[in-house]
Structures are given as structure tokens and as C-alpha cells.
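All remarks here apply to the structure that follows.
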Amino acid sequence: MKPQQIILSPDNNYALLTDYFLRNGLRKVLIVCGSSFKNFRLREFVDGLISRGVISPVFFSDFRPNPDYESVVKGVELFRNSNCDSLFAIGGGSAMDVAKCIKLYANMPEGVNYLRERIVPNEIPFLAVPTTAGTGSEATKFAVIYYKGEKQSVSDDSCIPQTVLFDASVLHFLPDYQRKATMLDAFCHAVESFWSVNSTDESKTYSKSAISLILNNMDSYLANEESGNATMLKAANLAGKAINITQTTAGHAMCYKITKLYGISHGHAAALCVSVLWRFMVENTALCVDPRGEKYLDGMFHDLASVMGCPDALAGADKFLRIFAGLQLQTPEPDGEGDLELLSKSVNLDRLKNNPIRLDEQTINALYRKIFDRK
Ligand SMILES: [Fe+2]
């Protein structure tokens, strides 16, 4: 049985965090963090730990969004040369991805191309503090880095942080657009995981809990209240646990090029796709490719709607669309037919294999058309 991820709360001035370092005898901690770390209350606390001699960390921030392999190599070298005993990642998806790769590569021979080496799991303690309630990266075995400009997907169970701190105060300064877009990312993870051909009872339980928490706490979270922020971190983590089992589906496969072409956030782009895809799939379960069959799919969409608090499958899809529209995010304008063509051709059909409904290039083109027609 896989060990459960340990969740720490920041209560009593991070008492559990102090205890974590002392109990595990961790001193030489590699702190992988983005530039926003300096703004957090957590930074003051870490400074206090340093001045009291509890930890003697080494900081690593030499990486950019969509981190490249070279940055990871620098991080691995710093970890080794500083004789670090553990990893502490504070950030969004990029900091998590870098820290995950450092963990996986730290015990590989020096000077080799880590991407070509076999991963041998190690016991390096890994603590993560997500600074957005969206990616759920702290709950997944996946990391994405770039090697010579090419996207590399790294995946191994052993890179999932054993311990996570949910610190709602880090969400306090999140810009409004990022707040909405990251929540939508978590929402799409939970929904796509639910309908994925790889879904299991366990993944569906995570998805259901995540969707309920998102729906029940959305207003508080969007109002930047402490309780809403804390709950949304849990929801994103549960949605991450769901996609860790199932991976994402067509919504994510279709959204990457939208982000690339128009520079909108990943979660915003994913929600644009899911909001159109959901209704299309409910209306076209005859195109089922899930081995459990069309009847199963009809029942699954009904169950998904129930989780959304809706009486039937189409009402579930419509509710998502209404919530998304209510966030009032501006839909980008494609630059004519050329863009639609480019978008449709960009979707790797192989990556659609987790989707329960068959989608060909023509259908995908029609879906993109629908996404951008809606104002
Ligand atoms: Fe995502």
C-alpha cells in the first residue's frame, strides 16, 4: 500500500513545521522557491528557524517558469555539493517540477544525462508548500521540464512529496486573474478525472470531494477569505490526487495551444475547453470509447451532475458553463481561420486516449469554433 501524504497545518505559528525538521533531524535543507517566497509570512518563520539554528538551508531559485533541464542539473549539483539532507519546495507548478526532478536525479551518477537514466526511488524527505490552489502538483507523480526546447514528461511515484503544508496565507496576495484561473485548473482536473477512461472508485472519490469543496467554498475563496483559501488548497490537492491516477483528458489536450497562442493562463484555457467539451460529450455518448460502454458513460455523466448538485447530465454541464461565465474572464480572439486550423492540428490525437468520447480533427475544429464564438 502506498504511504499517505502527511498534511501539516500552519497553526500555532507553524509549530508542526518546526517539529517536522527537528523530529526528522533535517538541517541542510535545499529550499526550492520562486521569487514570491520573500512576500510570505512563511519566509519570516523560516528566517526565524535559521537564526535559532534549527535549519541551515541552501536556497535555489535559479529557474524560470517552464523550467529547463539545465536549471534542474544546477539544482541537483547544489543539492549534492552542499550535502543537503532534504528538499523543501515552495511555489507553483514550476518550483514543484524542479524539486521533483532534483529528488529523482539526486542519486543518479554525476555527469550523465539524467533523462536517459533509470529512476531508482530514494528516501530523500520532500516537503512541499503549494502557493496556488490549482495545479495540485504537490499530489502528482508528474513533472514537466524542457530539454533543448522540447517538452519532457517525467513521471515516478517516488517524486510525490511525502509531506505537504497547506498555508492559506500564501494565497493572500494572489492576483485576481491568477486566483480564478488556478481554481478553474483544479476544477477541470477534478471533472476531467471523473470522466477519464482511467477513472477508478478511488479517483472518483477524490474528484467528488474536490468538486464539492470547490463549489461550497468558491465565494469565500474568490473573496480572499482565510477559510476559502484554506479549503481551496485542499480541493486542488484532492483534484491532483485524482489526476495522479487518471491523468487529464481532452480538455487539457486542447488547452495547451490556446495558452501558447494567446498567453492566457493554463486554468483559464482548460476551462474554455471543458465548458464546451462537457455538453458535447453528454450529447454524444454514442461515440463512447470507454471500455465500460455507453450505458456506463450515461450513468457517469449523471453521477457527475449529481456531484454538481444538478438533476441531469446536461444541467451539470450547463452549471459549469454558468460558473465559468460568471467569472467574467475575457475570451481571446483568434486571428481568423488560420488560428482555428493551427489549434485543431496542434492537438496530439494520441493524448486524447484518456477521453471517453472519440474526437477526430473535424470535431475538435468544431469545438474550438464554439469556444471562440461564445462571447
Ligand atoms: Fe492543469
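Values computed for the structure shown
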item: Expected 222 nm ellipticity per residue - DSSP helices of 4 or more, -39500 (n - 2.57), all of the chain, to 500; result: -17000 deg cm²/dmol
item: Karplus-derived HN-Hα couplings along the range 364-372 (A = 6.51, B = -1.76, C = 1.60, θ = phi - 60°), whole Hz, x at Gly and Pro; result: 4, 4, 5, 5, 4, 4, 5, 4, 8
item: Sum of side-chain charges, Tyr146 neighbourhood, beta-carbon under 12 Å (Lys, Arg +1; Asp, Glu -1); result: -1
item: Positive-pole candidate from Thr200, Leu342, Ser306, dipole of the chain, charges at beta carbon; result: Thr200
item: 0 to 90° range, to nearest 10: angle between helix 250-262 axis and the chain longest Cα axis; result: 80
item: DSSP beta bridge pairing in the chain, given as percent antiparallel to the nearest 5; result: 25
item: About the Cα centre, charge dipole magnitude for the chain (Lys/Arg +1, Asp/Glu -1 at Cβ), debye; result: 400
item: Cα-Cα over 32 Å, subset of Lys74/Lys345; Lys2/Lys370; Lys28/Lys234; Lys241/Lys319; result: Lys74/Lys345; Lys2/Lys370
item: Reciprocal of mean inverse Cα separation for the range 3-119 (Kirkwood radius, Å); result: 15.1
item: Rg/Rh ratio calculated on Cα atoms of the range 174-373 (Kirkwood radius); result: 0.95
item: Point-charge dipole on Cβ atoms (K/R +1, D/E -1) for the range 174-373, about Cα centre, debye to 20; result: 340
item: Kirkwood Rh and Cα Rg combined as Rg over Rh, evaluated for the chain; result: 0.98
item: Furthest towards positive pole of dipole, His172, Ala210, Phe60, structure part the chain, Cβ charges; result: Phe60
item: Fluctuation leader among Ala236, Ala95, Ala315 - the chain, Gaussian network, Cα springs under 10 angstrom; result: Ala315
item: Dipole in debye (nearest 20) - the range 272-318, about Cα centre, beta carbon charges: Lys, Arg +1; Asp, Glu -1; result: 80
item: Dipole of the chain, positive end: most advanced residue of Ser155, Gln4, Asn81 [Cβ charges, Cα centre]; result: Asn81
item: Evaluated over the range 56-204, the Cα radius of gyration and Dmax, each in Å; result: 15.8, 46
item: ³J(HN,Hα) computed for each position of the range 231-243 - Karplus, 6.51 cos²θ - 1.76 cosθ + 1.60, integer Hz, glycine/proline x; result: 5, 5, 4, 5, 4, 5, 5, 5, 5, x, 4, 5, 6
item: Of the GluC sites (Glu not before Pro) in the range 66-128, those whose Cβ has at most 12 other Cβ within 10 Å and which sit in DSSP loop; result: Glu110, Glu123
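Every number in this text was worked out from the coordinates using simple rules, so none of it is lab data. Since this is a predicted model, take the numbers as computed values, not measurements. In this analysis, Cβ positions are derived from the backbone assuming ideal geometry, glycine residues included, and neighbour counts consider all displayed protein chains.
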